[in-house]
Amino acid sequence: MTVKAVLFDLDDTLYGDFDTCDRLGLLAAGQYAEQAIGISAQKAAEAMHNGRLQLREMRRDEPESHDRTLFAKLGLEALGINPIPHAEAMHHAYWDAVLNAMEIREGVSDLLTRLKNAGIPVGICTNMTADIQMRKLCRLGLADICGNLISSEEAGRDKPFPEIFQLAAQRLGVPAEQILMVGDSLNHDVRGAVAAGMQALWLNLKNAFAPTADMPMFVAADFPSAAAQIIRLCHL
């Protein structure tokens, strides 16, 4: 079936890699705490990470929070430190480091520009808070190309839950079956999109086993290969 619109995941799909960026972000938050509070950077970084795990456990039946201020708050409290003067500053230190470490993938700007010029609606369908994802798109130089951002924050559910894909289809104004979802996560991006009635392309960057018999999908080993398939599917 012809693809009339394309959705892209952001983290680890349009830039890479988030695990490295996350480690650098936690290190930067820890370094802030070391200077401002006097505890070791490693201890503060671990506390912030543990705050995330604590929050996930506290809200097990609710959508996952991506708020680094809350992670820092809970982590500092666990250390017996008043978080109020410091949690937001750790949040900013974390995200500044992440944004500085991002590297856009080869071919991303060219593909998204080509889709836009061809009149193919393009959206970013992503788990995370909207403000941070907008900052990332601006830093990557994609803000004027990708006019549609659909975040889990506004959908009320992370991928792979159907709510975010349903909202994305509404925003793009295209039936789900004519939308291609492109992402690096087999579960979040591919399974979620297929379950919502969309087509999906798995960016299999780690050469993992591809269960092609499990569900219909396209597979690419890198972004240039994905771009070539997208161009073909959109008949460009």
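The values are calculated or read from the model by the stated rules, or taken from the named source; none is laboratory data. The model shown is predicted, which means the values in this text are computed figures rather than measured ones. Cβ placement follows ideal geometry from the backbone for every residue including glycine, while neighbour counts extend to all protein chains displayed. Quick note on the areas: whole protein, heavy atoms, side chains included, nothing else; ligands and nucleic acids left out. Shrake-Rupley method; radii C 1.70, N 1.55, O 1.52, S 1.80 Å.
Under a 1.4 Å probe, what is the accessible area of region 122-165 per residue, stated in Å²?
Value returned for region 122-165: 37 Å² of accessible area per residue.
Short version: ³J(HN,Hα) in whole Hz for each residue of region 215-224, in order, from phi by Karplus 6.51 cos²θ - 1.76 cosθ + 1.60 (θ = phi - 60°), x for Gly and Pro, what are they?
So the Karplus estimates, Gly and Pro as x, are 6, x, 6, 9, 9, 9, 8, 7, 5, x Hz.
Cα atoms only, region 1-63: Rg and Dmax in Å?
Rg and Dmax of region 1-63, Cα atoms, are 17.2, 60 Å.
Work out how much length Gln42 to Ala118 would gain on full extension: take 0.36 nm times their residue separation and subtract the Cα-Cα distance, in nm to one decimal. Provide the component values of the computation, followed by the final result.
Numbers: separation 76, 0.36 × 76 = 27.36 nm, distance 4.87 nm.
Result for the pair: 22.5 nm of gain on full extension.
For region 143-153, in order, what is each residue's ³J(HN,Hα) by Karplus, 6.51 cos²θ - 1.76 cosθ + 1.60 with θ = phi - 60°, in whole Hz (x at glycine and Pro)?
4, 7, 8, 9, x, 10, 10, 10, 9, 5, 4
What percentage of the solvent-accessible surface of region 48-160, computed with a 1.4 Å probe over protein heavy atoms, is contributed by carbon and sulfur atoms?
On the way: 2610 of 5470 Å².
Of all accessible area on region 48-160, carbon and sulfur atoms account for 48 percent.
For region 7-105, what is Rg from Cα atoms divided by 2.2 N^0.38 Å, rounded to two decimals?
Details: Rg = 13.8 Å, N = 99, 2.2 N^0.38 = 12.6 Å.
That works out to 1.09 for region 7-105.
Given a 10 angstrom Cα cut-off, can you work out which residue in Asp19, Asp222, Asp11 is the most mobile in a GNM of the chain?
Asp19
Accessible area per residue for region 1-113 in Å², computed with a 1.4 Å probe and the full protein assembly in place, what is it? Don't jump to the answer; show the numbers that get you there.
Working: 5540 Å² over 113 residues.
Ligands and nucleic acids excluded, the figure is 49 Å² per residue.
If the viscosity is 0.890 mPa s and the temperature 25 °C, what Stokes-Einstein diffusion coefficient in µm²/s follows for the chain when Rh is the Kirkwood radius over Cα pairs?
Values: Rh = 18.6 Å.
For these conditions, the coefficient is 132 µm²/s.
Residues of region 120-135 with the amide nitrogen closer than 16 Å to a label point 7 Å from the Cα of Gln35, along Cα-to-Cβ, please.
Zone members listed by number: none at all.
Among rounded, prolate and oblate, which fits region 53-180 when a ≥ b ≥ c are the square roots of the eigenvalues of its C-alpha gyration tensor, a/c under 1.5 means rounded, and a/b larger than b/c means prolate?
Values: a/c = 3.44, a/b = 1.64, b/c = 2.10.
Taking the square roots of the gyration eigenvalues as a ≥ b ≥ c, region 53-180 is oblate.
With θ taken as phi - 60° and the coefficients 6.51, -1.76 and 1.60, list the Karplus ³J(HN,Hα) couplings across region 75-83 in order, rounded to whole Hz; mark glycine and proline as x.
Listing the rounded values in order: x, 5, 4, 5, 8, x, 10, 5, x Hz.
Give the long-range amide H neighbours of Val182: residues separated by 5 or more places, or on another chain, with amide H under 5 Å away, using H modelled in the peptide plane at 1.01 Å from N.
Leu7, Phe8, Asp9, Leu201
Under 16 Å Cα-Cα from Lys116, which aspartates and glutamates qualify once same-chain neighbours fewer than 8 residues away are excluded?
Within the straight-line limit of under 16 Å, Lys116 reaches these aspartates and glutamates: Asp144.
Between Arg135 and Ala210, what FRET efficiency follows from the Cβ-Cβ distance if R0 is 41 Å, with the result rounded to 0.05?
Numbers: r = 33 Å, r/R0 = 0.80.
E between Arg135 and Ala210, to the nearest 0.05, is 0.80.
So who's got an amide H within less than 5 Å of the one on Val219, skipping anything under 5 residues away but keeping other chains? H placed 1.01 Å off N, in plane.
When sequence neighbours closer than 5 places are left aside, the close amide H contacts are Trp202.
Just need the relative contact order of region 102-165 here, percent rounded to a whole number, with Cα pairs under 8 Å and 6+ apart. Before the final figure, lay out each step's value.
Working: 71 pairs, mean separation 21.6, N = 64.
The normalised contact order for region 102-165 reaches 34 percent.
For the chain, what is the percent of antiparallel DSSP beta bridges, rounded to the nearest 5? Each step should come with its number before you reach the end.
Details: 2 of 21 bridges.
Bridges in the chain are about 10 percent antiparallel.
Report, in degrees rounded to the nearest 10, the 0 to 90 angle that the Cα long axis of helix 108-117 makes with the longest principal axis of the chain.
Tilt of helix 108-117: around 50 degrees.
Checking the cross-link filter: which lysines have an alpha carbon closer than 19 Å to that of Lys43, excluding same-chain neighbours under 8 positions apart?
In chain and number order, the partners are Lys73.
Evaluate E = 1/(1 + (r/R0)^6) for Asn100 and Ala195, where r is the Cβ-Cβ distance and R0 equals 45 Å; express this FRET efficiency to the nearest 0.05.
Numbers: r = 36 Å, r/R0 = 0.80.
For Asn100 and Ala195, the calculated efficiency is 0.80.
Treating region 132-234 as a set of equal point scatterers at the Cα positions, no solvent, please give the Debye-formula log₁₀ I(q)/I(0) at q = 0.15, 0.16, 0.18, 0.21 Å⁻¹.
-0.66, -0.75, -0.96, -1.26
Could the peptides 32-40, 108-116 be put in order, highest first, of the mean number of other beta-carbon atoms found within 10 Å of their residues? Show your work: numbers first, answer last.
On the way: 32-40: 16.1, 108-116: 18.1.
In descending order of packing, they fall as 108-116, 32-40.
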